[in-house]
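Have a look at the structure below, then the notes.
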Amino acid sequence: MKETYTELKKKLVLSRKKILIIGPAHPLRGGLATYNERLAHAFIEMGHECEILSFSLQYPSLLFPGKTQYSTDPKPEGIVIHSLINSINPLNWITTGFAFKKKQYDLIVFRYWMSFMAPSFGTIAKLLKQHKNTRIISITDNVIPHEKRFFDSWFTHYFLPKCDAYLTMSEAVKQQLLDLGYHKPSVYVPHPMYDMFGEPMNKEVAKAKLNLDPHTPYLLFFGFIRQYKGLMLLLETLTIPKLQQLPFKVIIAGEFYEDKQPYLDFIANNKLGDRVLLKDDFIPNDEVSAYFCAADAVIQPYLNATQSGVTQIAYYYNKPMIVTNVGGLAELVPDHKVGLVCEVSADALADAVYEYYTQQFENSFSEQMKTEKLRFTWENVCKQLFKVAGYE
C-alpha cells in the first residue's frame, strides 16, 4: 500500500534534525552538565545531529559557592561541546548568538535553571530565533527559584517569552509557568533516569570500596548541600529518641554550597558524630555507584523542591527512597511502592525512617522499582521535545 502524502510528510518532518542544547557541559561539573550530556547522547543515538553550547564563564568566582566549577572526569565521548558563553559579558552574548544563528538549527533546547542566566540566554535566543525555521524550547528546572533574588522576576520575563514552548520536570513548575502568564505549549516529562555512573554492585562490595563497616545499615544523603535540601532537618531527626533504637548511620556525601559550620556545630552539640559520616567533597562520577549501592535507602528531606536528579540515580540502582512531600518528589516516588513519602517535619521523617527499617521494606521496594523506572527514559524526553516543538 502506498504511503499517503500526509504520512510521507510526517516522515520527512521527523527525519534527521540539527539540534543545539544550550547549558552547562564538560568541563563544568554537576547534575545540569550530566543531564545535558546524556540528553545529547540520546538525540545522537536516535540518529540526529546534536551539539552543546556551554560556558567559558558560568559563574564569576565570587558568586560560586563551591570549591571548583570544573570536573576531574574525562570529557564525554561522541559529543561536540562549544564552551563559549560568558554569563556576564553582553558583547559575548551578541557575538555568540550571531555565530550560531548561521548554523541554522532545527531545534534549540535551553536548560533554564536560574534567573542569573536569563540575560545571556534571552539575548542569544533572540538572535537565534531570527532563523524562521528554528524552534526554541526551554527545559525549565525552576521558574520560581528555591533561593529568591531581587532580579528574578525581571530576568525571567526577559528570557521565557523568547521560547516557543516549554518542558518541565514537575507539575509544580508547569503550573508556575501558567501562573506567570506563559500559555505557550508546555509538557511535563519526569526527570529521566541517570544511567551513566557505573553498573550496580553488591552492597558488601560497595561498603568495602568505601571502607564502611559491613554490618552497619546506612542511609544516604547525596548531592550539593544547600538550605532547601533539608540536611539540618535530617540532623534534627537523628536526635529523636525512637531512632536511637536503630543501629543505622547516615552518609552525607556532597559538597557544601553554604556555610557548613552550623551543621558541624549541630552534630557536635548533639553528639551525632557516631551516627553521621561526612564526605563533604564533590563525588566524582566513578564513585557514585559505590555510595548508592552501599546504602539501604536514599533520604531526601527537602524543604522545597521541583524535581531531583538524585531520585533518578536511586532508580537506576533500585535503591528505595524516603522523601518529603514537596514539589515533584511525590510524583516520582509513589508512597509505599518504591519508597516512603512524609511531611516536612523531624517527627514525620523519624516515623518514616523507623517504619522503613522495622517493616523491612528494602527488598520489596527495590523489586517494584524495576518496573516503575521504565517510565523514565531519555528517548521519551527527546520525543516529547519534538512533539511540543511541533515536529509530531
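Structure values in brief
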read-out	value
In the range 23-47, the residues that are out of contact with any helix residue (DSSP H, G or I) (no Cβ under 7 Å at 6 or more places or on another chain) and under 13 Å from Val80 (Cβ atoms)	Asn36, Glu37, Ala40, His41, Ile44
Selected residue (only one of Val288, Val338, Val388 is closer than 28 Å to Gln261 by Cβ and either at pLDDT 95 or above or under 22 Å from the mean Cα position of the chain (by Cα) (or both))	Val288
Whichever residue in the range 99-146 is surrounded by fewer than 17 Cβ atoms within 10 Å (Cβ to Cβ) and among the polar types (S, T, N, Q) and, among such residues, is modelled with the highest pLDDT	Gln104
Enumeration of residues in the range 356-392 that are exposed (fewer than 14 other Cβ atoms within 10 Å of the Cβ) and within 30 Å of Lys17 (Cβ to Cβ)	Leu374, Arg375, Glu379, Gly390, Glu392
Pairs, first at positive phi in the range 370-392, second in a helix (DSSP H, G or I), C-beta under 9 Å, six or more apart	Gly390/Val13
Qualifying residue in the range 292-310 (condition: β-branched (Val, Ile, Thr) and modelled with pLDDT under 95)	yes
Single residue of Val187, Val173 found to be surrounded by 14 or more Cβ atoms within 10 Å (Cβ to Cβ), outside the structural domain of Ile299 (by TED's automatic domain parsing) and touching a helix residue (DSSP H, G or I) at 6+ places or on another chain (Cβ under 8 Å)	Val187
Residue check, Leu20 within 19 Å of Leu385 (Cα to Cα), modelled with pLDDT of 95 or more and touching a helix residue (DSSP H, G or I) at 6+ places or on another chain (Cβ under 9 Å)	yes
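One line per residue, one yes/no per condition, for (1) in the same structural domain as Glu255 (by TED's automatic domain parsing); (2) out of contact with any strand residue (DSSP E or B) (no Cβ under 7 Å at 6 or more places or on another chain); (3) at pLDDT 95 or above:
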| position | (1), (2), (3) |
| --- | --- |
| Arg16 | no, no, no |
| Leu28 | no, no, no |
| Gly31 | no, yes, no |
| His41 | no, yes, yes |
| Ser54 | no, no, yes |
| Leu62 | no, yes, no |
| Asp73 | no, yes, no |
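The values are calculated or read from the model by the stated rules, or taken from the named source; none is laboratory data. Everything quoted here is computed from the prediction, not taken from an experiment. As a convention, Cβ positions derive from the backbone with ideal geometry for all residues, glycine included, and neighbour counts pool all protein chains shown.
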